[in-house]
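**Q** Below: one structure in structure tokens.
A short reminder: the numbers here are calculations on the coordinates, not readings from a lab. Not measured: the values here are computed from a predicted model. We place every Cβ from the backbone using ideal geometry, glycine too, and count neighbours over all the protein chains shown.
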Amino acid sequence: MKRIFSLLLVFLFLFTLGACKPNDTETLREVRVNEVTHSVFYAPFYAAMELGYFEEEGLSITLTNGGGSDKSMTALLTGDADVGLMGPETAVYVANEGREDYAVIFAQLTQRDGSFLLGKTPDDAFTWDKLEGTSVIGGRSGGMPQMTLDYVLRQKGLIPGENITVRTDVQFDLMGGAFIAGEDDYVTMFEPSASAMELAGEGYIVAAIGDEGGEVPYTCFMTAKSVLETDPDFVEAFTRAVYRGQKWIEQTSADEIAKVIAPQFPDSDEALLATVVERYRDIDAWKTEPTMTEEAYENLLTIIRAAGVIDSAPAYTEIVDNSFAQAVK
């Protein structure tokens with residue numbers, strides 16, 4: 001009888017425990033994130049996802065690939081995304097349009113250009129003067145990949161439209177295919193696509209744009225200004241998870257990083273991912289905390305102005321809100 005009574009107590013305890021345990025799918029808040037592309041370049045974000053940092057903040061990430069900053073911004077402004085991960089130049093453009101509920105940057109993820117220049121053949125002795133007279137697929141006009149490439153080329157004495165051709169008519173997510181199928185001499189690509197093309201013998205990495213372009217707030221998280229005002233707790237929780245991902249990446253080996261983010265890249269093996277991680281680490285691609293400095297913002301504007309895209313720009317304090325990044329550190 002005592003044994004039966006004891007079993008009943010255990011059953012009641014387990015039943016009560018199960019009844020009190022929250023249903024994760026019901027308690028987590030879905031956050032729709034539209035990213036400009038899917039790349040190892042965003043490893044700190046993916047690590048935060050795979051390590052459960054967002055779940056620990058009560059958030060569940062639904063990720064969509066925009067295939068270009070213009071499309072990611074459209075998703076954000078139309079309400080199809082809660083957060084956009086894209087180049088900050090798009091926030092500048094939207095603010096310049098005078099939109100009332102414009103996009104505000106609240107966390108910076110990367111601090112250098114993450115694209116690599118690929119040629120048709122291997123070239124261990126590559127120098128930038130070899131690009132004179134060639135054709136390069138450089139990305140959408142007004143996008144950070146194209147503008148940074150343009151900035152680097154001009155620093156090297158190469159003037160698009162004069163002694164080099166830079167194509168801006170190819171959609172961002174179709175650049176690799178256009179290069180493989182076409183007659184252009186070079187293309188800029190993000191990872192792991194660049195390394196995958198190299199392994200397939202479809203292109204060969206000859207230079208890192210980030211090595212030449214210098215420090216710039218290349219990719220940032222942003223949301224509508226109204227969200228920052230009406231739901232600051234959500235933005236802070238999101239930023240805290242991102243920051244934890246940044247710190248984890250900073251302290252972790254390339255092999256371990258590759259293992260953790262591997263589910264994000266099911267078509268790439270871990271050895272390739274580890275190589276790519278090291279490649280990005282070598283150019284100091286990742287921020288170790290999420291604030292954007294005013295100096296970095298001015299560097300961004302220098303590149304945009306050099307491209308002839310804007311005449312004026314919003315003030316740093318207008319489109320950058322570091323309060324959330326500062327709160328989580």
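**Q** Once both labels are modelled 7 Å past Cα along the beta-carbon direction, what's the residue 311-residue 156 spacing in nm?
**A** 3.3
**Q** Also, I was wondering about something else. Give me the three principal axis extents of segment 64-209 from the C-alpha atoms, as integers in angstrom, largest value leading.
**A** 49, 32, 26
**Q** Also, I was wondering about something else. Could you give the length gained by full extension between residue 60 and residue 129, i.e. 0.36 nm per residue of separation minus their alpha carbon distance, to one decimal place?
**A** Details: separation 69, 0.36 × 69 = 24.84 nm, distance 4.77 nm.
Net length gain for the segment: 20.1 nm.
**Q** Separate question: Too long at a 27 Å Cα-Cα cut-off: which of 225/287; 71/247; 120/247; 259/287; 71/287; 156/225?
**A** Numbers: 225/287 23 Å; 71/247 30 Å; 120/247 37 Å; 259/287 21 Å; 71/287 24 Å; 156/225 39 Å.
Exceeds cut-off: 71/247; 120/247; 156/225.
**Q** State the antiparallel share, in %, of DSSP beta bridges confined to the chain, rounding to the nearest 5. All intermediate terms of the calculation are to be shown ahead of the outcome.
**A** Details: 18 of 35 bridges.
Taking every DSSP beta bridge within the chain, about 50 percent pair in antiparallel fashion.
**Q** Work out which GluC sites (Glu not before Pro) in the chain are exposed loop sites (DSSP not H, G, I, E or B, at most 12 other Cβ within 10 Å) and give the longest gap free of them. Display every interim value, and only then the final one.
**A** On the way: sites that count: 97, 100, 162, 183.
For GluC sites (Glu not before Pro) (loop position, at most 12 other Cβ atoms within 10 Å), the longest site-free span of the chain is 184-329.
**Q** Moving on. Compute the semi-axes of the equivalent ellipsoid of segment 117-188, taking the square root of 5 times each eigenvalue of the Cα gyration tensor, and list them largest first in whole Å. Display every interim value, and only then the final one.
**A** Working: eigenvalues 60, 50, 21 Å².
That gives 17, 16, 10 Å for the three semi-axes.
**Q** Regarding the chain, what whole-number volume in Å³ per residue does the convex hull of its Cα atoms give? The partial results should precede the final answer.
**A** Details: hull volume 51.6 nm³, N = 329.
Cα convex hull per residue, to the nearest whole number: 157 Å³.
**Q** Over the chain, calculate the relative contact order: mean separation of alpha carbon pairs under 8 Å at least 6 apart, over the residue count, as a percent.
**A** Values: 592 pairs, mean separation 86.9, N = 329.
Relative contact order here is 26 percent.
**Q** List the aspartates and glutamates whose Cα sits under 12 Å from the Cα of residue 130, skipping any in the same chain fewer than 8 residues away.
**A** Cα-Cα hits under 12 Å: 185.
**Q** Excluding residue 163 itself, calculate the net charge of residues whose Cβ lies under 14 Å from the Cβ of residue 163, where each Lys or Arg counts +1 and each Asp or Glu counts -1. Before the final figure, lay out each step's value.
**A** On the way: positive: 130, 154, 156; negative: 129, 132, 150, 162, 185.
In short, -2.
**Q** Considering the chain as a Gaussian network with a 10 Å cut-off on Cα pairs, which listed residue, 274, 241, 125, attains the greatest mean-square fluctuation?
**A** Maximum among the listed residues: 125.
**Q** Please build a GNM for the chain, connecting alpha carbons under 10 Å apart, and tell me which residue among 137, 180, 205 fluctuates the most.
**A** 180
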